[in-house]
Amino acid sequence: MKELMAGIQKTMPQEIYQELEKNKVVSETDGTILIGNDKDEPSLRLDFTYENGKLVQFVNKEYGFFHSLPEIVVNEEQAKQTAQTFAKVFLNQDVHLKKTTDLSGYDTGDYITFEDDNHNTYLVQLSLNLFLKYNDSQFLESL
């Protein structure tokens, strides 16, 4: 857990890390570690799914806590750096990313989707410079 929290501190806005440090509630279900700020009605939750010790999916649940974050609008290159930082910290990989087709439901212009050389996808919210999703392509194919 200490390692996950250190990774959150390096990759998420300071407000998210501070909220989780203060009100952290952790549970685990079927290989997914859920970290939120309340057991019953979280306004912030990060889900890390592992398979054989490897992170295969990450979801930053878009709950009400996002509304309290300061707006930090970023461009494509800055969003790419955010996704690359996530890959370095949580996957221990330096990845080459290219913009790809938006993930379903995220084609509003407020988000940008990247793909690495292995077809894994990374989603960043541009108005908050916030990393939202990572999907390992092999994991998705197995679902």
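The values are calculated or read from the model by the stated rules, or taken from the named source; none is laboratory data. Computed from a predicted structure; not experimentally measured. Every residue, glycine as well, gets a Cβ built from its backbone with ideal geometry; the counts of neighbours run over all protein chains shown. The protein model used for the area step is the full one, side chains on, heavy atoms only, and it has no ligands, DNA or RNA in it. Shrake-Rupley method; radii C 1.70, N 1.55, O 1.52, S 1.80 Å.
List of remarks:
- Any hit, region 2-23, residues being open to solvent by 20 Å² or more (accessible area, probe 1.4 Å) and either of a type in the set (Val, Ile, Thr) or part of a strand (DSSP E or B) (or both): no
- Restricting 134, 50, 122 to those that are within 30 Å of residue 22 (Cα to Cα), surrounded by fewer than 20 Cβ atoms within 10 Å (Cβ to Cβ) and hydroxyl-bearing (Ser, Thr, Tyr) reduces the list to 50.
- For region 78-91, the condition holds for no residue, the condition being that it is touching a strand residue (DSSP E or B) at 6+ places or on another chain (Cβ under 7 Å), of a type outside the set (Lys, Arg), without any contact (Cβ under 8 Å) to a residue 24 or more places away in the chain and closer than 21 Å to residue 33 by Cβ.
- For region 82-119, filtering for residues that are under 13 Å from the mean Cα position of the chain (by Cα), more than 22 Å from residue 44 (Cβ to Cβ) and surrounded by fewer than 21 Cβ atoms within 10 Å (Cβ to Cβ) leaves 3.
- Number of the condition not met by residue 87 [criteria: (1) under 13 Å from residue 122 (Cβ atoms); (2) not in a helix (DSSP H, G or I)]: (2)
- Residue in region 7-30 that is under 17 Å from residue 136 (Cβ atoms), free of Cβ contacts under 8 Å to residues at least 24 places away in the same chain, of a type outside the set (A, V, I, L, M) and touching a strand residue (DSSP E or B) at 6+ places or on another chain (Cβ under 6 Å) present: no
- For residue 40: the one exception among (1) in contact (Cβ under 8 Å) with a residue 12 or more places away in the chain; (2) surrounded by fewer than 16 Cβ atoms within 10 Å (Cβ to Cβ): (1)
- Matching residues in region 40-76 - criterion: being in contact with a Gly (Cβ under 7 Å, 6 or more places away or on another chain) and more than 18 Å from residue 137 (Cα to Cα): 42, 43, 44, 45
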